[in-house]
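The values are calculated or read from the model by the stated rules, or taken from the named source; none is laboratory data. Just so it is clear, the model here is predicted, and its values are computed rather than measured. When we count neighbours, we look across all protein chains shown, and the Cβ atoms used for this are built from the backbone with ideal geometry, even at glycine. The protein model used for the area step is the full one, side chains on, heavy atoms only, and it has no ligands, DNA or RNA in it. Shrake-Rupley method; radii C 1.70, N 1.55, O 1.52, S 1.80 Å.
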Amino acid sequence: MTDPWFTLRQFTQARIAQGRAGCSLPTSALLDFQLAHASARDAVHHAWDIAGFAGGLEQLGLEPLILATPVVSREQYLQRPDLGRRLAQSSRESLATRASQTIDIALIVCNGLSSTAVDAHGLALLQTVVAVYTERGLRIGPICLVANARVALADEIGALLNARLAVIIVGERPGLSAADSLGMYLTYAPKPGNTDAERNCISNIRPPAGLSFSAAAIKMAYLSEQALRCGFSGVALKDDMPERLTETGDVALQKCKIGSESAL
């Protein structure tokens with residue numbers, strides 16, 4: 001007899017319709033669970049090749065700026081979240097020399113809790129985000145790369161760069177259905193002391209199983225423009241982007257990519 005639950009499995013990555021063998025799981029389902037758990041642990045503990053990522057940015061014609069937090073190891077990063085929320089003194093001094101002009105967007109990338117996600121999707125997402133922002137005339141500073149950072153670090157970096165907005169791309173906490181998911185967080189008027197209620201988040205960026213790069217970039221650009229227009233971000237800033245803007249943005253994004261490719 002066919003179990004209708006098995007038909008539903010094509011619509012979700014959740015562990016449904018696993019079956020059973022006596023009072024336990026079938027061997028295949030158990031092995032799949034153990035593999036997902038191992039992938040999640042690897043994503044957390046894997047070291048991010050930040051120098052290689054910076055080289056990839058340079059090949060795309062973008063300026064990377066490698067910064068650091070006081071964190072000295074991955075283990076300390078997991079045990080001391082507070083250290084990932086502030087810059088090392090040397091990095092703070094380096095940014096202070098770059099705050100002579102106001103920029104619209106401070107773009108930050110960190111591995112967060114999944115180096116796997118940044119390695120798999122970081123460069124492609126960043127290239128798409130920069131293309132959308134550039135097409136809309138928003139000024140972007142250097143791309144700040146920070147290993148072992150937390151989301152709130154974007155506040156300090158944005159303030160030091162005199163940026164109107166801070167946008168941080170971070171490896172999200174891996175789960176048992178996804179170990180390679182990226183998130184993007186937007187904060188208006190970044191400054192130390194901002195709370196999570198003052199941020200907007202776009203999560204589950206990991207094509208083809210999750211949100212596409214273009215959809216995430218267009219959504220973030222829309223929220224950024226609305227934040228600049230309204231003068232706030234977070235829970236007060238609602239996602240009311242019309243569906244037609246996604247289609248229009250996709251067309252514009254394709255034109256940006258064609259133009260950038262022809263310039264190489």
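Can you tell me which residues in the stretch 25-36 are surrounded by 14 or more Cβ atoms within 10 Å (Cβ to Cβ) and either charged (D, E, K, R) or in a helix (DSSP H, G or I) (or both)?
The answer is ALA29, ASP32, PHE33, ALA36.
I'd like the full set of residues that are small (Gly, Ala, Ser), open to solvent by less than 30 Å² (accessible area, probe 1.4 Å) and either modelled with pLDDT under 95 or in contact with a strand residue (DSSP E or B) (Cβ under 6 Å, 6 or more places away or on another chain) (or both), limited to the stretch 87-113.
Correct list: SER91, ALA106, GLY112.
Could you check the stretch 47-83 and list, in sequence order, the residues that are of a type in the set (D, E, K, R), more than 17 Å from HIS121 (Cβ to Cβ) and in a loop (DSSP other than H, G, I, E, B)?
Of everything in the stretch 47-83, those that are of a type in the set (D, E, K, R), more than 17 Å from HIS121 (Cβ to Cβ) and in a loop (DSSP other than H, G, I, E, B) turn out to be GLU63, ARG80.
Got a sec? Which of THR116, THR128 is at pLDDT below 95 and in contact with a helix residue (DSSP H, G or I) (Cβ under 6 Å, 6 or more places away or on another chain)?
THR116
Taking the criterion of being open to solvent by 20 Å² or more (accessible area, probe 1.4 Å) and at pLDDT below 90, would at least one residue in the stretch 62-78 satisfy it?
No, the stretch 62-78 has no match at all.
Identify, please: which residue in the stretch 14-24 is over 18 Å from GLY175 (Cβ atoms) and surrounded by 10 or more Cβ atoms within 10 Å (Cβ to Cβ) and is, among those, modelled with the highest pLDDT?
Restricting to residues being over 18 Å from GLY175 (Cβ atoms) and surrounded by 10 or more Cβ atoms within 10 Å (Cβ to Cβ), the top hit is ALA21.
For every residue, the table says whether it meets (1) touching a Ser or Thr at 6+ places or on another chain (Cβ under 8 Å); (2) at pLDDT below 95; (3) under 20 Å from HIS121 (Cβ atoms).
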residue: GLY193; (1), (2), (3): no, yes, no
residue: PRO208; (1), (2), (3): no, yes, yes
residue: SER212; (1), (2), (3): no, no, yes
residue: MET220; (1), (2), (3): no, no, yes
residue: LEU223; (1), (2), (3): yes, no, yes
residue: SER233; (1), (2), (3): yes, no, no
residue: ASP240; (1), (2), (3): no, yes, no
residue: VAL251; (1), (2), (3): no, yes, no
residue: LYS255; (1), (2), (3): no, yes, no
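I'm told SER177 meets every condition in (1) farther than 22 Å from LEU165 by Cβ; (2) open to solvent by less than 50 Å² (accessible area, probe 1.4 Å) except one. Can you identify the failing condition by its number?
In the conditions (1) farther than 22 Å from LEU165 by Cβ; (2) open to solvent by less than 50 Å² (accessible area, probe 1.4 Å), SER177 misses (2) alone.
Assuming LEU165 fulfils every condition listed in (1) more than 23 Å from TYR77 (Cβ to Cβ); (2) open to solvent by 30 Å² or more (accessible area, probe 1.4 Å); (3) touching a Pro at 6+ places or on another chain (Cβ under 9 Å) apart from one, which condition is it?
(2)
Give all pairs with beta carbons closer than 9 Å in which a residue from the stretch 45-59 that is under 12 Å from CYS144 (Cα atoms) meets a residue that is among the small types (Gly, Ala, Ser) and not in a helix (DSSP H, G or I); count only pairs at least 6 apart in sequence or on separate chains.
Short answer, once both residue conditions are applied: ILE50/ALA147.
Does ARG136 count as in contact (Cβ under 8 Å) with a residue 12 or more places away in the chain, open to solvent by 20 Å² or more (accessible area, probe 1.4 Å), within 16 Å of GLU63 (Cα to Cα) and of a type outside the set (A, V, I, L, M, F, W, C)?
no
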